[in-house]
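S.K.: A single structure is presented below for examination.
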Amino acid sequence: MESLSLNEVQATVTKACLGAGADPGSADEIGAAVRWLCCADAAHFDVVLRLLQRDGSYCGQLTAAIDFAVATGRYSTNCETPEVLIGLAGVASRTGARVRVSGPDWGVTAHRGDLVDRGGEVVPGPVIIESDHDHGGAPNPEQAATVSPSDEWTAICAVAARTYVPSSEHSRTAGAGAGLTDND
């Protein structure tokens with residue numbers, strides 16, 4: 001079975017978020033969050049697909065929630081895709097923050113880029129994000145992960161394709177692609 005690289009996952013999810021209408025900064029952060037999830041937990045492509053079916057501004061709301069929690073120490077919201085918040089918390093924790101995302105019956109903590117605590121089954125609903133700073137130590141290196149494509153991955157790629165420029169003779173002569181002669 002084919003496997004996906006972490007770079008491929010991050011780039012494709014970023015493009016898919018752009019294709020769904022997210023702003024470039026939020027799309028980039030969501031791509032990094034899904035990459036972190038692939039290393040720490042699981043790919044959660046089903047959750048990414050649910051995220052992409054929403055308005056693109058929802059990506060910005062998720063990234064803003066994590067940013068606000070890291071800046072102020074606490075933020076609460078209602079979230080349909082808490083796994084994405086967990087991925088964003090994991091990325092934010094690389095700055096030295098300890099970030100905890102929790103619901104009524106579950107909780108996940110990330111610190112220095114690692115998933116350090118997990119309890120309960122993550123479900124959509126009310127979420128509290130808490131953060132404190134540990135200014136000592138460097139983030140832990142990213143662990144290698146093998147990611148297998150799924151039906152959801154195919155749908156994510158279809159949303160990412162919305163960002164591609166259609167091939168035409170005009171685009172090729174204007175410099176797109178390998179050009180008219182590909183001799184490398």
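The values are calculated or read from the model by the stated rules, or taken from the named source; none is laboratory data. A quick note: this is a predicted structure, and the numbers were derived from the prediction, not measured. Methodologically, a virtual Cβ is constructed for each residue, glycine included, from the backbone with ideal geometry; neighbour enumeration extends over all protein chains shown.
S.K.: For segment 67-113, enumerate the residues that are of a type in the set (Val, Ile, Thr) and either surrounded by 17 or more Cβ atoms within 10 Å (Cβ to Cβ) or assigned to a loop (DSSP other than H, G, I, E, B) (or both). Before you say what the answer is, go through the steps one by one.
M.R.: Our first condition is that a residue be of a type in the set (Val, Ile, Thr); within segment 67-113, this holds for 70, 72, 77, 81, 84, 86, 91, 95, 99, 101, 108-109.
Val70, Thr81, Val84, Ile86, Val91, Val99, Val101, Val108, Thr109, listed by residue number.
S.K.: Here is a list of conditions, (1) in a loop (DSSP other than H, G, I, E, B); (2) surrounded by fewer than 17 Cβ atoms within 10 Å (Cβ to Cβ); (3) hydrophobic (A, V, I, L, M, F, W, C); (4) at pLDDT 85 or above, and Ile128 meets all of them except one; can you say which number that is?
M.R.: The failed condition is (1).
Residues are listed down the side, and each one gets a yes or a no for (1) in a helix (DSSP H, G or I); (2) surrounded by 17 or more Cβ atoms within 10 Å (Cβ to Cβ); (3) over 10 Å from the mean Cα position of the chain (by Cα); (4) among the basic types (Lys, Arg):
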{"residue": "Glu2", "(1), (2), (3), (4)": "no, no, yes, no"}
{"residue": "Asn7", "(1), (2), (3), (4)": "yes, no, yes, no"}
{"residue": "Gln10", "(1), (2), (3), (4)": "yes, yes, no, no"}
{"residue": "Val13", "(1), (2), (3), (4)": "yes, yes, no, no"}
{"residue": "Gly25", "(1), (2), (3), (4)": "yes, no, yes, no"}
{"residue": "Glu29", "(1), (2), (3), (4)": "yes, yes, no, no"}
{"residue": "Leu37", "(1), (2), (3), (4)": "yes, yes, no, no"}
{"residue": "Leu49", "(1), (2), (3), (4)": "yes, yes, yes, no"}
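S.K.: Then there's this: I'm trying to understand the selection: among the residues of segment 131-153, which are modelled with pLDDT of 85 or more and either over 22 Å from Val13 (Cα atoms) or β-branched (Val, Ile, Thr) (or both)?
M.R.: Residues satisfying the conditions are Ser131, Asp132.
S.K.: A follow-up question, please. Residue check, Asp55 against (1) of a type outside the set (Ser, Thr, Tyr); (2) in a loop (DSSP other than H, G, I, E, B); (3) in contact with a Gly (Cβ under 9 Å, 6 or more places away or on another chain); (4) under 22 Å from Leu6 (Cβ atoms), all met but one. Which one?
M.R.: Asp55 satisfies all of (1) of a type outside the set (Ser, Thr, Tyr); (2) in a loop (DSSP other than H, G, I, E, B); (3) in contact with a Gly (Cβ under 9 Å, 6 or more places away or on another chain); (4) under 22 Å from Leu6 (Cβ atoms) except (4).
S.K.: Same structure again: Within segment 83-105, track down each residue that is more than 17 Å from the chain's Cα centre (by Cα) and closer than 24 Å to Leu52 by Cα.
M.R.: Ser102, Gly103
S.K.: Hey, another quick one. Mind checking which residues of segment 62-97 are at pLDDT below 90 and farther than 18 Å from Gly25 by Cβ?
M.R.: Answer for segment 62-97, where residues must be at pLDDT below 90 and farther than 18 Å from Gly25 by Cβ: Gly96, Ala97.
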